[in-house]
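A.B. asks: Take this structure first; my questions come after.
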Amino acid sequence: MQSSKNDTLQYLYSLCEQYERMGMQAKGSRMPLRDYAQFAIMKFMLYIADSDRQIMDYEVEIINKCLGFSLTRDYVVRFVSEHRITADGIYDTILKLMIVFINADIKNNAANGSTALMLLDYLDELGIEFITYDGHYDDRQTMAMSSLMLRLKNYRTSFLRSWRNLVKGTEDIPEFPDLPTNPSARMDVP
């Protein structure tokens, strides 16, 4: 992982710590927000890695390097087989984190949603580097990541548009919809 991505990750972690001091938390999670962010990023990477149904050694290496883990490939393969990560499950996990960042942007009057956008840009770059690490694009991994990122970006854009309209006085107060309870989405946060 490039130094700039590591710097961005450390900055995102520091924002999580700041937001938690402000009383912000990922909905439904008892984890410290920084730990939740690390969990969400790990889950994101595992989702991409498993979308082609093959966990490669270099994928485990990237996860370890990115998140400071020392996982083995055997452990990751076993973990993924026991905790199938679905498209809806990873969407819900990342969305809970992104909502914290969106709320922080709104509290700080950041009309462009800068920290939420930074989170999405980070995941986009990380995912692309993850997928292309071996010099090849895997169509299944690319489609899985692209679909996920499109859903997240659309959610962010839609919510911020509603917020801007509220500020202009043209709309009722927007509320985040309850996140769907998806019985097939495993690996829920404690």
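A.B. asks: When the residues of the stretch 1-38 are filtered to those that are closer than 17 Å to ASN64 by Cβ and either over 15 Å from the mean Cα position of the chain (by Cα) or modelled with pLDDT under 95 (or both), which remaining residue is surrounded by the most Cβ atoms within 10 Å (Cβ to Cβ)?
C.D. replies: MET1
A.B. asks: Being in contact with a Ser or Thr (Cβ under 9 Å, 6 or more places away or on another chain), in contact (Cβ under 8 Å) with a residue 12 or more places away in the chain and of a type in the set (A, V, I, L, M) narrows it down to one of ILE94, ILE102, ILE90, ILE106, so name that one.
C.D. replies: ILE102
A.B. asks: Of all residues in the stretch 18-57, count the ones that are of a type in the set (D, E, K, R) and either farther than 14 Å from LEU97 by Cβ or in contact with a Pro (Cβ under 8 Å, 6 or more places away or on another chain) (or both).
C.D. replies: Total satisfying the criteria: 7.
A.B. asks: Identify all residues within the stretch 116-135 that are out of contact with any Lys or Arg (no Cβ under 8 Å at 6 or more places or on another chain) and under 13 Å from ALA37 (Cα atoms); write none if there are none.
C.D. replies: Matches in the stretch 116-135: LEU119, LEU123.
A.B. asks: For the stretch 83-94, indicate whether the set of residues that are open to solvent by 40 Å² or more (accessible area, probe 1.4 Å), at pLDDT 90 or above and either over 20 Å from CYS66 (Cβ atoms) or touching an Asp or Glu at 6+ places or on another chain (Cβ under 8 Å) (or both) is non-empty.
C.D. replies: yes
A.B. asks: Would you confirm, using the coordinates I've provided, whether THR115 is surrounded by 15 or more Cβ atoms within 10 Å (Cβ to Cβ), closer than 28 Å to GLN18 by Cβ and of a type outside the set (Gly, Ala, Ser)?
C.D. replies: The answer is yes for THR115.
A.B. asks: Ok, one more. Kindly indicate the residue of the stretch 42-81 that is basic (Lys, Arg) and in contact with a helix residue (DSSP H, G or I) (Cβ under 7 Å, 6 or more places away or on another chain) and also most open to solvent (accessible area, probe 1.4 Å) among those meeting that condition.
C.D. replies: Only one residue tops the list, namely ARG73.
A.B. asks: Determine which member of the set ARG84, ARG21 is over 23 Å from LEU152 (Cα atoms) and either out of contact with any helix residue (DSSP H, G or I) (no Cβ under 6 Å at 6 or more places or on another chain) or aliphatic (A, V, I, L, M) (or both).
C.D. replies: Unique residue meeting the criteria: ARG21.
A.B. asks: Restricting to the stretch 96-115, what's the tally of residues that are under 15 Å from ARG34 (Cα atoms) and out of contact with any Gly (no Cβ under 9 Å at 6 or more places or on another chain)?
C.D. replies: The total comes to 6.
The values are calculated or read from the model by the stated rules, or taken from the named source; none is laboratory data. The model shown is predicted, which means the values in this text are computed figures rather than measured ones. For neighbour counting, all protein chains shown are included, and Cβ atoms are generated from backbone atoms with ideal geometry for every residue, glycine included. Accessible surface areas use protein heavy atoms only, side chains included; no ligands, DNA or RNA. Shrake-Rupley method; radii C 1.70, N 1.55, O 1.52, S 1.80 Å.
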